[in-house]
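What follows is a short report on a single structure.
The values are calculated or read from the model by the stated rules, or taken from the named source; none is laboratory data. Values in this document were obtained by computation on a predicted structure and should not be read as measured data. Every residue, glycine among them, receives a Cβ derived from its backbone with ideal geometry; neighbour counts consider all protein chains shown.
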Amino acid sequence: MPSAAILIADGTEEMEFTIAFDTLVRAGVACRSLFVPDPASVTADAPVPLYATCSRGLRVVYDATLDIEAHTDFDALIIPGGAKGAETLSKTLTVQRLVREYLEEGKLVGMICAGSLTALTAQLPRQPLTSHPSVKTALENDFDYSEDPVVISGKLVTSRGPGTTFPFALTLVSILCGEQTRAEVQAPMVFPTGTPF
């Protein structure tokens, strides 16, 4: 059974986290949500919150906090957006290191919305990529920027925002589980006829 670590921070975009998590679970992927605290708020005496507060106020009780030694054994690493959450994830050195290690080992890395900023902070080589329009200017000089809903570059999959989360998540399912599983997951979701994915 494939497995995926889905990162979450205060300010993570709810739809991108929950739709990716839910869609992967429907495909039989073993998912774990890993909380990443804001590096600026981490002190020796500061307690780690029991839940992440997402961008619209949804509270998500996560499975564990991120630990680089314990969380290198997944088949995929997923980085959602949300301005504040994406800033935390992209600036966290542990996240940057994991992104590089996963890709070096041929594992899948998914980034959506402002989560694509992590490609920049992790110093990934120039390659095709997309993101939320709000962070395009931060990325377009260092990557081959695209406005396609989902962009696949080797084992890096990027997407644009909440409205592209379903095709993003289903693309991850295709890569991890195959096209047949994607079709089996997608059909009962009952997308309107003519939905272009």
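Quick notes on this structure:
- When residue 28 is tested against the conditions (1) part of a loop (DSSP other than H, G, I, E, B); (2) at pLDDT below 95; (3) not hydroxyl-bearing (Ser, Thr, Tyr), the lone failure is (2).
- For region 118-160, the candidate set comprises residues that are within 11 Å of the chain's Cα centre (by Cα) and among the hydrophobic types (A, V, I, L, M, F, W, C); within that set, the residue that is farthest from residue 93 (Cα to Cα) is 157.
- Any hit, region 178-187, residues being of a type in the set (Lys, Arg), over 13 Å from the mean Cα position of the chain (by Cα), surrounded by 20 or more Cβ atoms within 10 Å (Cβ to Cβ) and at negative phi: yes
- If you go through region 133-163 and keep only what is of a type in the set (A, V, I, L, M, F, W, C) and part of a helix (DSSP H, G or I), you end up with 135, 138, 139.
- Residues in region 53-97 that are hydroxyl-bearing (Ser, Thr, Tyr), crowded, with 17+ Cβ neighbours inside 10 Å and assigned to a loop (DSSP other than H, G, I, E, B): 55, 62, 92.
- Of the residues examined, residue 75 is not one that is modelled with pLDDT of 95 or more, more than 20 Å from residue 34 (Cβ to Cβ), out of contact with any Phe, Trp or Tyr (no Cβ under 8 Å at 6 or more places or on another chain) and among the charged types (D, E, K, R).
- Selection status of residue 147, surrounded by fewer than 20 Cβ atoms within 10 Å (Cβ to Cβ) and modelled with pLDDT under 95: no
- Among the residues listed as 194, 163, the single one being modelled with pLDDT under 95 and more than 13 Å from the chain's Cα centre (by Cα): 194
- Pair list, Cβ under 9 Å, 6 or more apart: region 1-29 residue on the phi > 0 side of the Ramachandran plot and surrounded by fewer than 20 Cβ atoms within 10 Å (Cβ to Cβ), other residue among the aliphatic types (A, V, I, L, M) and modelled with pLDDT under 95: 28/1
- Residue check: residue 107 meets all listed conditions (1) touching a helix residue (DSSP H, G or I) at 6+ places or on another chain (Cβ under 6 Å); (2) touching a residue at least 12 places away in the same chain (Cβ under 8 Å) but one, namely (1).
- In region 112-132, the residues that are part of a strand (DSSP E or B) reach residues that are buried (at least 24 other Cβ atoms within 10 Å of the Cβ) and of a type in the set (D, E, K, R) with C-beta atoms within less than 7 angstrom, at least six apart or across chains, in these pairs: 112/16.
- Cβ separations smaller than 6 Å between residues 6+ apart or across chains give the following pairs from region 139-154 residues that are touching a residue at least 24 places away in the same chain (Cβ under 8 Å) to residues that are crowded, with 20+ Cβ neighbours inside 10 Å and of a type in the set (Lys, Arg): 149/160.
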